[in-house]
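Shown next, in structure tokens, is the structure this report addresses.
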Amino acid sequence: MTTIVRKVELTDKEQWLTLFKAYIVFYESELTDEQYELTWQRIHSDFNMYGLLAEIDGEIVGLAHYLFRPSTWAVNNFCYLEDLFVDPSVRGKGVGRALIKALEDVATKAGAERLYWTTAPDNATARRLYDSVATTNRVQYRIPLNQK
């Protein structure tokens with residue numbers, strides 16, 4: 001079983017949407033149809049939001065959304081992995097690792113100085129993977145703003 005990671009294409013919308021909705025449900029959250037569409041449009045515009053998909057045997061089984069941002073601490077941009085999701089039926093088969101590696105390559109080629117991400121503290125499955133490919137030394141604090 002070989003995992004192929006590639007950019008999100010316009011023809012991927014239905015499969016992408018299925019995976020993205022599953023990701024939002026996994027985090028016990030909700031998005032409007034308008035937000036899903038906005039994200040899709042941003043990925044396919046000059047908005048600085050990008051997407052990767054992972055395929056096994058032609059079936060899309062994982063996604064990653066990322067963006068680049070400037071930093072006051074570095075000359076070159078940082079790459080932020082905002083969303084990473086793998087279909088539960090193929091977890092543990094290297095799909096998440098392949099997505100992270102592909103994004104590491106994308107970020108390196110773009111000249112980024114750092115690739116980073118966050119996850120929920122109780123997401124033990126993801127944290128096992130993340131602990132095997134990266135280090136952590138920060139804690140994220142949040143103040144929700146302009147929430148409806």
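If R₀ is 25 angstrom, what is the calculated FRET efficiency for the pair Asn123 and Arg69, using the beta carbon separation as r and rounding to 0.05? It comes to 0.60. Among beta bridges from DSSP that stay inside the stretch 3-133, the antiparallel ones total about 90%.
How far, in nm, would the chain grow between Leu17 and Glu113 when pulled straight, counting 0.36 nm per residue and subtracting the alpha carbon separation? Intermediate results must be reported in sequence, preceding the final value.
Values: separation 96, 0.36 × 96 = 34.56 nm, distance 3.04 nm.
Residue separation times 0.36 nm, minus the Cα-Cα distance, leaves 31.5 nm.
With no solvent and one equal point scatterer placed on each C-alpha of the chain, evaluate the Debye formula and give log10 I(q)/I(0) for q = 0.13, 0.15, 0.20 Å⁻¹, two decimals. Log10 of I(q)/I(0), two decimals: -0.61, -0.83, -1.52. What is the list of residues in the stretch 121-148 whose amide nitrogen lies under 17 Å from a point 7 angstrom out from the Cα of Ile24, following Cα to Cβ? In the stretch 121-148, the label zone of Ile24 (backbone N under 17 Å from the point 7 Å along Cα→Cβ) covers 147-148.
Helix screen, the chain: no DSSP H segment has Cα axial length of 24 Å or more and mean Kyte-Doolittle hydropathy at least 1.6.
Note on the chain: lysine pairs with Cα distance below 16 Å, sequence gap of 8 or more or different chains, count 5.
Any idea what diffusion coefficient the stretch 28-74 gets from Stokes-Einstein, in µm²/s, Kirkwood Rh on alpha carbon pairs, 10 °C, 1.306 mPa s?
Working: Rh = 12.8 Å.
Translational D for this selection: 124 µm²/s.
Any read-out appearing in this document is the output of simple, stated calculations on the displayed coordinates, not a laboratory observation. Here the structure is a predicted model, which is why all the values come from computation and not from measurement. Counting neighbours? That spans all protein chains shown, and the Cβs are built from the backbone with ideal geometry, glycine included.
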